[in-house]
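Data first, discussion second: the structure below is written as structure tokens.
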């Protein structure tokens, strides 16, 4: 059984003040559908746990950050969501908006409360409504998935949060252990949800307070100022011609996105996937801390970008835009993945999604091309008016090899084709594709 709500709150928050709640009182015997013995079951649960319901809500301090905390008490009827649970969560979200605070949900629930029938299930509408109102107010939500996190609790407060963390080994899934088909137990674990892009990070219990503090600091630091492009980490001298620029950008020793992110930020936290079942290991998305403020980042790591990578980047840009946090993108890809698997996974729609997210962002987006800039798969990551390039990068309508093939040229003509494409850093500045070339 999951650890009690009070113990989790004491471990996570240095200070916690429970919110007052006016119970609407009981108007029926054994609940809204007259479930035999329900009143007795509630009384026993209250006596056993010391709680009046399956959630405990209040304002807490997590390190330097403040948030409204919603902690599920699994010992109270399996942390199930009933009508009073929904009312308490609604009151907590309402108070959070009054205070301008984020909400952290510490989820441990088996789902909706059977003894209240559809009156229990419709509380998911209530929870979803509160989550939507919080998003509309520009306030972040973080979920921590404890064990178990199933049913409607996972499908609203858990999966619906801006950032979802999970304790290793936790049972996480829409179907609870007693109703799902046998044979694929791994699919219902925190590890599987992380592998498939539904959970952002797996966090050990001991590291949870510090990780929550970092996320809350990052997500609540609004700024109107654009992010500065990082400094160049590789070669400083300009390439001799277009083909030299291509070969330099493709060099194995050339610095990649991780080196740029580590050098640019004091510390950072990654998001884990596209929330649609996909993760692209060749794309890094998250939020970093630099010079006392937060910056969101979406970085290509030098590989063909998968549809999941474009969708994760679009998720990042939309989240940063809603929270008022500037965005930094790093371009480095030979192009979008173009095999059959990528097409079936929606390469075109995923690229369109990212183009739309960047185009509609109200926060400033800054781009640095750090390596290969291959065609539309690279351009989707680029800001149309705030793009810089490094001396060891190139940006092209397509690769020189593909251009030669399209123009029915011989393989020996690839270097000349690269020169004709005017893809060098200096060419990009002259063509007004880039604002400038960054130095070391």
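For region 245-259, filtered to residues that are over 12 Å from residue 372 (Cα atoms) and touching a residue at least 24 places away in the same chain (Cβ under 8 Å), the residue that is farthest from the chain's Cα centre (by Cα) is 259. If the requirement is being assigned to a helix (DSSP H, G or I), in contact with a strand residue (DSSP E or B) (Cβ under 6 Å, 6 or more places away or on another chain), closer than 20 Å to residue 209 by Cα and assigned by TED's automatic domain parsing to the domain that holds residue 104, which of these qualifies: 157, 165? Just a single option satisfies the conditions, and that option is 157.
Taking the criterion of being in contact with a strand residue (DSSP E or B) (Cβ under 9 Å, 6 or more places away or on another chain) and either surrounded by fewer than 20 Cβ atoms within 10 Å (Cβ to Cβ) or outside the structural domain of residue 284 (by TED's automatic domain parsing) (or both), would at least one residue in region 350-358 satisfy it? The answer is no; no qualifying residue exists. Residue count for region 359-381 under the criterion of being under 20 Å from residue 306 (Cα atoms) and surrounded by fewer than 20 Cβ atoms within 10 Å (Cβ to Cβ): the result is 1. Check whether at least one residue in region 24-46 is modelled with pLDDT of 95 or more, within 19 Å of residue 6 (Cα to Cα) and part of a strand (DSSP E or B), and report yes or no. Looking through region 24-46, none of the residues is modelled with pLDDT of 95 or more, within 19 Å of residue 6 (Cα to Cα) and part of a strand (DSSP E or B). Please find, within region 267-276, the residue that is surrounded by the fewest Cβ atoms within 10 Å (Cβ to Cβ) out of those that are in contact with a helix residue (DSSP H, G or I) (Cβ under 8 Å, 6 or more places away or on another chain) and under 17 Å from residue 195 (Cβ atoms). Of everything passing the filter in region 267-276, 276 is surrounded by the fewest Cβ atoms within 10 Å (Cβ to Cβ). Residues of region 101-135 being farther than 30 Å from residue 64 by Cβ and crowded, with 19+ Cβ neighbours inside 10 Å, which ones? Selection gives 110, 111, 112, 113, 115, 116, 120, 123, 124.
Within region 189-198, restricting attention to residues that are closer than 11 Å to residue 276 by Cα and buried (at least 21 other Cβ atoms within 10 Å of the Cβ), the residue that is farthest from the chain's Cα centre (by Cα) is 193.
Total residues in region 210-232 satisfying the condition of being farther than 30 Å from residue 68 by Cα and surrounded by fewer than 19 Cβ atoms within 10 Å (Cβ to Cβ): the figure is 2. Mind checking whether some residue in region 136-151 is without any contact (Cβ under 8 Å) to a residue 24 or more places away in the chain and over 21 Å from residue 64 (Cβ atoms)? Yes: region 136-151 contains one or more residues that are without any contact (Cβ under 8 Å) to a residue 24 or more places away in the chain and over 21 Å from residue 64 (Cβ atoms). Does residue 145 meet the test of being modelled with pLDDT of 95 or more, closer than 18 Å to residue 79 by Cβ and in contact with a helix residue (DSSP H, G or I) (Cβ under 8 Å, 6 or more places away or on another chain)? Spelling it out, residue 145 is indeed modelled with pLDDT of 95 or more, closer than 18 Å to residue 79 by Cβ and in contact with a helix residue (DSSP H, G or I) (Cβ under 8 Å, 6 or more places away or on another chain). Among the numbered conditions (1) part of a helix (DSSP H, G or I); (2) within 30 Å of residue 437 (Cβ to Cβ), the only one that residue 227 does not meet is (1).
Checked against the criteria, residue 119 does not count as in a helix (DSSP H, G or I) and in contact with a strand residue (DSSP E or B) (Cβ under 6 Å, 6 or more places away or on another chain). Just one of the listed residues (97, 129) is at negative phi, in contact (Cβ under 8 Å) with a residue 40 or more places away in the chain and outside any loop (DSSP other than H, G, I, E, B), and it is 97.
The values are calculated or read from the model by the stated rules, or taken from the named source; none is laboratory data. Everything numeric here is computed off the predicted structure, so don't read it as measured data. Note that we place each Cβ from the backbone using ideal geometry, even for glycine, and neighbour counts take in every protein chain shown.
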